[in-house]
Ligand SMILES: [Zn+2]
């Protein structure tokens, strides 16, 4: 087989975008759905045709393994192919396909040239349920792989229809009694989902850390009554209380201009009927900041201000804190390695923070991890209009290929970094 060209990458990208395609030019491929399964089968075919062994682990992460060094651990490279509802074609999926093509290019090179032999094995990964739209929390597959969540807890999670992760994965035949391969290092490439790179005219973003996030679940409890006949002063309207939370989230963001991002992304209203005052609303709110001290202030403001809502709306309010993570750095050695690669390739690059969570956010806590971004036109993401130019997509593929080549030689591998840190003391 010959080395796949840039054009073959673009052709495969076009084919990939047909799975779960929406009329608006995007995709709807939520985790564990039929469209997710079709796409996984297609990716398996692509990997197997190039001599990779495809396996699933116990939480449905899809692995394409290239074993060249018996007993050695793996460079793990990939992202996620699941999507939000009516989402764009690039988020996650670009990173998995770029990982596969980078691996195909290297595999071909290693087959034909003896002195290029790698020191580590290579694993392309399609993480399960990064988006967390159908099953919460997000980044589920990488959380289980990195030991932050048990497989049992993840498999028991149900969607709004009561279907569990275990049932969805079994229906697709995408689960196995296996923990996944042992990682030595990791790389992921993703679209920026913001507009800073486009604004600065750079093609490659080197992610050095992530924004801190606090996610909250609120349950507002009122009382069901008639929207017409119940006197206003007698109403205990759960949706009124929930609406106050939606506005409060924006007021908090406005109190820290440019420093805090907040939103309510999901609300479940019961009974959600035209002539019934809602008795119960469950809603999810998140606060994000690049500065943990600012996030702590925003969190304090949230708790102080919600205290007024029960009296103002005659409701009861339960607060549960869900998933949260601090500002954490990616290994600086990885940022340096990627900077060298981008410079060698003559590409404009800059260090960036990620505002969104990624599977690499989990992986970097386990092994040295390189996270790369390519620009998003107008910063549009989680939207059917999400777009990245072909030239940027291909520049990212070139950088990822070179980064993985160096990782596969053993640069940055977990043991190497540990040895260097020990030597420095
Ligand atoms: Zn993503």
Somewhere in the range 310-322, is a residue on the phi > 0 side of the Ramachandran plot, in contact with a strand residue (DSSP E or B) (Cβ under 7 Å, 6 or more places away or on another chain) and buried (at least 17 other Cβ atoms within 10 Å of the Cβ)?
no
Counting only strands (runs of 3 or more DSSP E) wholly inside the range 44-115, the ones holding at least 1 residues that are away from the ligand (no atom under 16 Å from the Cβ), touching a residue at least 24 places away in the same chain (Cβ under 8 Å) and crowded, with 24+ Cβ neighbours inside 10 Å are 62-66, 74-80
Assuming residue 388 fulfils every condition listed in (1) at pLDDT below 95; (2) more than 18 Å from residue 210 (Cβ to Cβ); (3) within 16 Å of the ligand (Cβ to nearest atom) apart from one, which condition is it?
(1)
Do we have residue 138 as within 16 Å of the ligand (Cβ to nearest atom) and out of contact with any helix residue (DSSP H, G or I) (no Cβ under 9 Å at 6 or more places or on another chain) here?
yes
Report, by residue number, each residue of the range 345-366 that is away from the ligand (no atom under 13 Å from the Cβ), buried (at least 24 other Cβ atoms within 10 Å of the Cβ) and assigned to a loop (DSSP other than H, G, I, E, B).
364
Residues of the range 374-384 being within 23 Å of residue 286 (Cα to Cα), more than 12 Å from the ligand (Cβ to nearest atom) and in contact with a strand residue (DSSP E or B) (Cβ under 9 Å, 6 or more places away or on another chain), which ones?
383, 384
Does residue 162 satisfy being within 13 Å of the ligand (Cβ to nearest atom), outside any helix (DSSP H, G or I) and on the phi > 0 side of the Ramachandran plot?
no
For the range 186-201, give me each residue that is surrounded by 23 or more Cβ atoms within 10 Å (Cβ to Cβ) and away from the ligand (no atom under 13 Å from the Cβ).
186, 187, 197
For the range 407-417, which positions are assigned to a loop (DSSP other than H, G, I, E, B) and surrounded by 22 or more Cβ atoms within 10 Å (Cβ to Cβ)?
412, 413
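Conditions tested, residue by residue: (1) assigned to a helix (DSSP H, G or I); (2) surrounded by fewer than 24 Cβ atoms within 10 Å (Cβ to Cβ); (3) away from the ligand (no atom under 16 Å from the Cβ); (4) at pLDDT 95 or above.
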{"position": "335", "(1), (2), (3), (4)": "yes, yes, yes, yes"}
{"position": "338", "(1), (2), (3), (4)": "yes, no, yes, yes"}
{"position": "372", "(1), (2), (3), (4)": "no, no, no, yes"}
{"position": "399", "(1), (2), (3), (4)": "yes, no, yes, yes"}
{"position": "405", "(1), (2), (3), (4)": "yes, yes, yes, yes"}
Test residue 281 against the stated conditions and say whether it is in a strand (DSSP E or B), free of Cβ contacts under 8 Å to residues at least 24 places away in the same chain and buried (at least 17 other Cβ atoms within 10 Å of the Cβ).
no
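The values are calculated or read from the model by the stated rules, or taken from the named source; none is laboratory data. Small disclaimer: the values here were computed from a predicted structure and weren't measured. Neighbour counts are summed over all protein chains in view; Cβ atoms, including those assigned to glycine, are modelled from backbone coordinates with ideal geometry.
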